Amino acid sequence: MNKNNERKKTLVRFNVQNVHWAIQNEGGYSSPKPYGTATKIALEPDSSIKKIFGDGKRIASIVNDKGKTSTLSTNNINDNFEIDMGRKMLIKNGIASIKQQKLPIFALYFETCGLNDDNSMPLAKTWLFGVTSPTAPSESFDQNTDDINESTFDTALEIGGVELKTADGKSYLDSKTGQTVRVWQLTATPDDADFENFGAQVPTPTVAGITEETEDKENVENKTASAN
């Protein structure tokens, strides 16, 4: 890891590759499954600001951050992913598209490339947490020239996130607000610990070196400082 605990500056980020998904279950997550080749992933914040006015001026702004929405564009539709989502089913005659009657939660993994200010080109590995896929991907096939017209398929995703944990597995509470912290996505680069195995299984977002005991002590110290 970087000795100064500072991340290198990334000048350019490009490509998307190696998409996997892992279904959330009672024991954590299933083993990640490869989706197939991707052409694009778009992530958009799902948030809004409520402006409060008084005496003819704005006196406060409240952020309502609901997570992220995403669109995953791929070269083909992965039937196994659609089966996990409850939208397809293997039957005697083939594979059937069926009415979706469940909304499983999963984690989504992908990789991107980058160019740092030291001219190195590190890989970045990202997990999205609390993901759902509310609708089946759209399908469109074209043949309007004398060449092959490849298709891409867009799958809509919603990212609900997971709670940030302490080192002993408890929910981390922000010392100023007393509230839990929601993590939408987690990205690791070669400077981070255990980078090599980051995509092998779904990680638990964890605050470094903080347990429930140290967190309680920190909260008491903050309250004492405020009282003084």
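Run the numbers on the stretch 125-174 and let me know its relative contact order in percent, using alpha-carbon pairs under 8 Å that are six or more apart. Numbers along the way, then the final one.
Working: 55 pairs, mean separation 19.6, N = 50.
Dividing the mean separation by the residue count of the stretch 125-174 yields 39 percent.
Order 79-85, 195-201 from most to least packed using the mean count of other Cβ atoms within 10 Å.
Values: 79-85: 18.1, 195-201: 15.1.
Top of the packing list down: 79-85, 195-201.
Please state the relative contact order of the chain as a whole percent: Cα pairs under 8 Å, 6+ residues apart? That works out to 20 percent.
Taken along its three principal axes, the alpha carbon spread of the stretch 4-110 comes to 70, 40, 31 Å, from the longest extent down to the shortest. Per residue, the chain exposes 64 Å² of accessible surface when a 1.4 Å probe is rolled over the protein heavy atoms with every protein chain present. Computing Cα Rg over 2.2 N^0.38 Å directly from the structure and comparing it against (1) 1.08; (2) 1.25; (3) 0.99 singles out (2). With a cut-off of 13 Å on the backbone N, the residues of the stretch 117-157 near the modelled label site 7 Å out from residue 42 along Cα-Cβ are 153-157. The trypsin sites (Lys or Arg not before Pro) of the stretch 60-157 meeting both criteria, a DSSP state outside H, G, I, E and B (loop) and at most 12 other C-beta atoms within 10 angstrom of the site's C-beta, are 92, 99, 102. Rounded to the nearest whole Hz, the Karplus-based 3J(HN,Hα) values (6.51 cos²θ - 1.76 cosθ + 1.60, θ = phi - 60°) of the stretch 151-167 follow the sequence 10, 10, 10, 9, 10, 7, 10, 10, 10, x, x, 9, 7, 5, 10, 8, 4, with x at glycine and proline. Estimated at 0.36 nm per residue, the fully extended path between residue 118 and residue 15 surpasses their Cα-Cα distance by 35.1 nm. Only lysine pairs 8 or more places apart or on separate chains count here, and in the stretch 13-72 those with Cα atoms under 30 Å apart total 9.
Only lysines eight or more places from residue 102 in sequence, or on another chain, were considered; those with a Cα closer than 17 Å are 88. Binning all Cα-Cα separations of the stretch 90-139 at 5 Å, short to long from zero, yields these whole-percent fractions: 4, 13, 14, 14, 14, 12, 10, 8, 5, 4, 1, 0. To the nearest ten degrees, helix 212-227 and the longest principal axis of the Cα atoms of the chain are 50 degrees apart.
Among 43, 63, 15, flag the residue with its Cα farthest along the positive direction of the charge dipole of the chain, charges on Cβ as +1 for Lys/Arg and -1 for Asp/Glu. The listed residue farthest towards the positive side: 63. Cα centroid separation, the stretch 22-80 to the stretch 88-112: 19 Å.
In whole percent, how big is the carbon plus sulfur part of the accessible area of the stretch 7-52, probe 1.4 Å, protein atoms only? Can you show the working numbers first?
Values: 1580 of 3180 Å².
On the stretch 7-52, the fraction of accessible area on carbon and sulfur atoms equals 50 percent.
Using the Karplus relation 6.51 cos²θ - 1.76 cosθ + 1.60 with θ = phi - 60°, the per-residue 3J(HN,Hα) values for the stretch 29-44 come to 9, 6, 5, x, 10, x, 7, x, 6, 10, 10, 6, 9, 10, 10, 10 Hz, with x marking Gly and Pro. For the stretch 1-93, give the magnitude of the charge dipole about the Cα centre (Cβ charges: +1 Lys/Arg, -1 Asp/Glu; no others), in debye to the nearest 20. Using Cβ point charges on Lys, Arg, Asp and Glu, the stretch 1-93 gives about 440 debye.
The values are calculated or read from the model by the stated rules, or taken from the named source; none is laboratory data. Keep in mind that this is a model prediction, so the values were computed, not measured. Backbone-built Cβ (ideal geometry, glycine too); neighbour counts: all protein chains shown. Just so you know, the surface numbers come from the protein's heavy atoms only, side chains and all, with ligands and any DNA or RNA stripped out. Shrake-Rupley method; radii C 1.70, N 1.55, O 1.52, S 1.80 Å.
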